[in-house]
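Since the structure comes first, as structure tokens, the remarks are kept for the end.
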Amino acid sequence: MPMNDESIKSLVRDFFIKYEYNLMIVNIANKYPDERSLYIDFTHIRKFSDELEKLVQKDPERIITLAEIVAKEIANNENISKINIRFKNIPDEFVKKIKEIRSKNIGELISVNGIVNKVTEVGTRLVMASFMCTNCGAVIKKDQDSDILEYPAYCPQCKKKKGETKFKMLEKESVYIDTQKIEIEEKSENIEYDEQPSKIIVYLEDDLIGLTKQGKRVKVTGILKAKQRGIKTQKTLVDRYIYAISIELPDKIESQNERSSYEIILDIIKQINNNGRYPDINEIIKDAEAIGIDEKTVRRIIETLKKDNYIYMPFSGKYKLIE
Ligand SMILES: [Zn+2]
């Protein structure tokens with residue numbers, strides 16, 4: 001039996017309580033707007049309920065929208081316009097090859113791996129428009145989810161319909177969100193001679209913007225969507241894209257300590273390069289150990305820097321920073 005919105009919301013509420021996400025939500029609310037996203041560990045969903053997992057996989061847009069409503073209720077603060085629901089530790093079975101994505105996957109939660117091929121400028125999307133009824137002055141809020149501005153059908157206060165009154169948009173009281181478009185390219189290892197690499201467009205919003213850049217490896221998880229291509233006469237043609245829920249950077253060093261070690265090692269290499277020389281690994285290790293970073297960590301960071309194309313070796317063991 002399909003679940004209605006209220007029973008899904010109560011399932012989500014139980015889930016939030018069981019895994020202490022309600023405490024995290026309160027914490028986000030205290031730091032809002034510096035923090036705006038709740039990261040849900042997918043392994044918790046899996047442990048909690050098959051039903052919830054299936055709903056997240058097959059109907060993510062609905063579940064995420066409802067979970068965001070629940071999160072906002074828990075946060076209980078009218079200054080918060082939205083707490084984004086994002087996922088981490090997404091299981092590998094969600095990963096699809098870009099060329100294997102089919103129309104039956106539209107609306108589902110999928111992950112793709114690839115290299116960021118193109119990044120466009122940050123734009124703005126209207127998510128909620130406020131209108132004033134020019135007949136009675138009532139302010140009406142209307143969620144926006146298409147490219148065209150959607151007006152209220154009628155005024156809930158004076159009951160006048162569109163056409164009988166005018167609705168004036170209140171720009172300052174409307175809610176906007178930053179948005180960015182990237183293109184991900186999947187390079188297959190056993191690519192055929194004349195085969196083009198597969199590509200897909202990904203839309204990033206809000207605090208996902210700027211987490212990655214051109215040339216970086218990335219794992220994107222999001223909702224597969226379809227958009228009709230430009231002209232009306234070609235309605236059958238659609239462009240598929242992913243609306244990102246979360247992005248993971250396989251090369252990124254995660255923990256705070258490793259993060260600062262990473263920066264220190266970058267600085268050491270930069271320093272030596274500035275003196276007109278290429279450092280070798282022993283030199284970097286010696287300098288890093290003086291600050292308290294062990295050899296193993298140095299080597300791991302150097303490997304990451306190489307994979308990121310941050311440093312190169314002109315000849316064995318000597319490093320130069322290229323950024
Ligand atoms: Zn009115």
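Please determine, by comparing only the residues of the range 1-10 that are closer than 14 Å to residue 59 by Cβ and assigned to a loop (DSSP other than H, G, I, E, B), which one is modelled with the lowest pLDDT.
Here the residue is 2.
Take the residues in the range 117-135 that are closer than 30 Å to residue 156 by Cα and part of a loop (DSSP other than H, G, I, E, B), then tell me which one is nearest to the ligand (Cβ to nearest atom).
The extreme case among them is 135.
Considering the range 117-141 alone, what residues qualify as being closer than 18 Å to residue 81 by Cβ, buried (at least 17 other Cβ atoms within 10 Å of the Cβ) and not small (Gly, Ala, Ser)?
Selection gives 126, 127, 131, 140.
Is it fair to say residue 114 is away from the ligand (no atom under 16 Å from the Cβ), surrounded by 17 or more Cβ atoms within 10 Å (Cβ to Cβ) and either under 30 Å from residue 250 (Cα atoms) or not assigned by TED's automatic domain parsing to the domain that holds residue 203 (or both)?
Against the criterion (away from the ligand (no atom under 16 Å from the Cβ), surrounded by 17 or more Cβ atoms within 10 Å (Cβ to Cβ) and either under 30 Å from residue 250 (Cα atoms) or not assigned by TED's automatic domain parsing to the domain that holds residue 203 (or both)), residue 114 qualifies.
Taking the range 185-210, which residues are modelled with pLDDT under 85 and either closer than 21 Å to residue 96 by Cβ or within 11 Å of the chain's Cα centre (by Cα) (or both)?
187, 188, 189, 190, 191, 192, 195, 196, 197, 210
Count, please, the residues in the range 152-176 that happen to be near the ligand (Cβ under 9 Å from one of its atoms), part of a strand (DSSP E or B) and more than 12 Å from residue 137 (Cβ to Cβ).
Number satisfying all stated conditions: 1.
Report the residue count in the range 128-185 for those that are free of Cβ contacts under 8 Å to residues at least 40 places away in the same chain and among the hydrophobic types (A, V, I, L, M, F, W, C).
13
So which of 247, 301, 223, 269 ends up being in contact with a Pro (Cβ under 7 Å, 6 or more places away or on another chain), surrounded by 15 or more Cβ atoms within 10 Å (Cβ to Cβ), modelled with pLDDT of 85 or more and under 30 Å from residue 183 (Cβ atoms)?
It is 223.
Could you list, in sequence order, the residues of the range 70-90 that are out of contact with any Ser or Thr (no Cβ under 8 Å at 6 or more places or on another chain) and under 30 Å from residue 114 (Cα atoms)?
82
Residue-by-condition table, conditions (1) closer than 21 Å to residue 245 by Cα; (2) at pLDDT below 90; (3) in contact with a Lys or Arg (Cβ under 8 Å, 6 or more places away or on another chain); (4) not assigned by TED's automatic domain parsing to the domain that holds residue 206:
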| residue | (1), (2), (3), (4) |
| --- | --- |
| 12 | yes, no, no, yes |
| 15 | yes, no, no, yes |
| 33 | yes, yes, no, yes |
| 39 | yes, no, yes, yes |
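Residues of the range 1-29 being closer than 12 Å to residue 83 by Cβ and of a type in the set (S, T, N, Q), which ones?
Once the filter is applied, which keeps residues that are closer than 12 Å to residue 83 by Cβ and of a type in the set (S, T, N, Q), the range 1-29 yields 22, 27.
Take the conditions in a helix (DSSP H, G or I) and loosely packed, with under 13 Cβ neighbours inside 10 Å and apply them to residue 104. Does it pass?
Spelling it out, residue 104 is indeed in a helix (DSSP H, G or I) and loosely packed, with under 13 Cβ neighbours inside 10 Å.
The values are calculated or read from the model by the stated rules, or taken from the named source; none is laboratory data. Just so we're clear, the structure is a prediction, and the values are computed from it rather than from any experiment. Counting neighbours? That spans all protein chains shown, and the Cβs are built from the backbone with ideal geometry, glycine included.
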